[in-house]
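The values are calculated or read from the model by the stated rules, or taken from the named source; none is laboratory data. Since the model is a prediction, treat every value here as computed from it, not as a measurement. Methodologically, a virtual Cβ is constructed for each residue, glycine included, from the backbone with ideal geometry; neighbour enumeration extends over all protein chains shown.
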Amino acid sequence: MTSNINGKLIDFSSPKVMGILNITPDSFYGASRKQTEQEIAEAVLRILEEGADIIDIGAYSSRPLAAYVEEDEEIRRLRFGLEILFREAPNATVSVDTFRSEVARCAIEEFGAAIVNDISAGGLDTQMFETVAKLQVPYIAMHCLGSPQTMMQYTNYGNMMQEIMLYFAERINKLHQLGVNDIWIDPGFGFSKTTAQNYEVLRRLEEFRIFDMPLLVGFSRKTMIRDVLGTTPSESLNGTTALNMLALAKGANILRVHDVKAAVETVRLYDATCRF
């Protein structure tokens, strides 16, 4: 399984790590918020030094009930962050975490970001699919119903896994019709799902192999860990590592994390179980 990123074929036979760079003031995990030039620069260098394959930069928190951010403000924040990121790491592979097509276009055409990471899979911007088709970059389609402000109102499913599979099948078909070939899928842990539903998706993660596409998971310090362990975000690294290893064993190809070093070590140990 491969993906074309900036003209280079990336091989997913060994899982990849995506390091989170939050330039928002209200991310659920306080330690991840980077606001000043120095904080952003230090975070970029640390993410890369610890071994991340991709930096995922976001300027609009997608936590439940996050404050609404105007598009102009999201672009302003991203420009500030991307200028620092590419100054410090001009050769970094960068994904932009946004559900807005104009924000994605800005990050890719103006700065050289290489991947679009859309929590709504086109659901919050009808121009997103056409924009990605024109940009010809890998596109991460995540399962989420509603917006960050409303998504937890949409947790009533008749048959959850069947509905999630149909959600991806419909969007993948539309993307293929537009000529988008590099599509990654993200089941959306923590989005439009209760804790019990998140664990059902994790138990059945192998079922996403039917799409034969890179599979991204993001558990990092989320509520589904804290609800079970009774921890806070700052105390949830061990739980994150445990779920990451389980997800790798079930077919995950990309780990999206706050803690790159721990995730890279998890991948190395997973690879060792496959090699020896």
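Of all the residues in region 37-78, those that are part of a helix (DSSP H, G or I) and either hydrophobic (A, V, I, L, M, F, W, C) or buried (at least 16 other Cβ atoms within 10 Å of the Cβ) (or both) number 11.
I'd like the full set of residues that are assigned to a helix (DSSP H, G or I) and touching a Pro at 6+ places or on another chain (Cβ under 7 Å), limited to region 247-269. Quick ask: steps written out before the conclusion?
Here is the first cut: in region 247-269, the residues assigned to a helix (DSSP H, G or I) are 247-249, 260-269.
Scanning region 247-269 gives LEU248, VAL267.
One residue stands out in region 233-257 among those that are surrounded by fewer than 24 Cβ atoms within 10 Å (Cβ to Cβ) and among the charged types (D, E, K, R): the one that is farthest from ASP271 (Cα to Cα), namely GLU235.
Being part of a helix (DSSP H, G or I) and more than 30 Å from ILE210 (Cβ to Cβ): is that true of ASN244 here? Break it down into steps so the answer makes sense when it comes.
On the way: part of a helix (DSSP H, G or I): yes; more than 30 Å from ILE210 (Cβ to Cβ): no.
In short, no.
Here is a yes/no grid of residues against (1) closer than 23 Å to VAL94 by Cβ; (2) modelled with pLDDT under 95:
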{"site": "GLU130", "(1), (2)": "yes, no"}
{"site": "MET142", "(1), (2)": "yes, no"}
{"site": "PRO148", "(1), (2)": "yes, yes"}
{"site": "GLY158", "(1), (2)": "no, no"}
{"site": "MET161", "(1), (2)": "no, no"}
{"site": "LEU175", "(1), (2)": "yes, no"}
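Kindly indicate the residue of region 153-209 that is aromatic (Phe, Trp, Tyr) and assigned to a helix (DSSP H, G or I) and also farthest from VAL116 (Cα to Cα) among those meeting that condition. If you could, list the steps in order and put the result at the bottom.
Applying the first criterion (aromatic (Phe, Trp, Tyr)) to region 153-209 yields 154, 157, 167-168, 184, 189, 191, 199, 208.
Imposing the further condition that a residue be assigned to a helix (DSSP H, G or I) reduces the set to 167-168, 199, 208.
Values: TYR167: 18, PHE168: 16, TYR199: 26, PHE208: 20 Å.
Ranking the candidates gives TYR199 first.
Taken over region 205-232, the criterion of being buried (at least 17 other Cβ atoms within 10 Å of the Cβ), modelled with pLDDT of 95 or more and β-branched (Val, Ile, Thr) is satisfied by VAL217, ILE225.
Exactly one residue out of ALA113, ALA121, ALA92, ALA141 is outside any loop (DSSP other than H, G, I, E, B) and crowded, with 18+ Cβ neighbours inside 10 Å, and it is ALA141.
Does THR98 count as under 18 Å from the mean Cα position of the chain (by Cα) and farther than 22 Å from PHE189 by Cα? No; evaluated as a whole, the condition is false for this residue.
Given the criterion under 30 Å from TYR68 (Cβ atoms) and without any contact (Cβ under 8 Å) to a residue 12 or more places away in the chain, identify the matching residue among GLN197, GLN153, GLN177. Can you show your working first?
Numbers: GLN197 fails: without any contact (Cβ under 8 Å) to a residue 12 or more places away in the chain; GLN177 fails: under 30 Å from TYR68 (Cβ atoms).
Of GLN197, GLN153, GLN177, the one residue that is under 30 Å from TYR68 (Cβ atoms) and without any contact (Cβ under 8 Å) to a residue 12 or more places away in the chain is GLN153.
Taking region 97-141 as the range and being of a type in the set (A, V, I, L, M, F, W, C), touching a residue at least 40 places away in the same chain (Cβ under 8 Å) and more than 21 Å from LEU82 (Cβ to Cβ) as the test, the residues that pass are ALA121, PHE129, ALA133, ALA141. Could you grab me the full set of residues in region 35-70 that are small (Gly, Ala, Ser) and without any contact (Cβ under 8 Å) to a residue 60 or more places away in the chain? Matches in region 35-70: ALA41, ALA43, GLY58, ALA59, ALA67.
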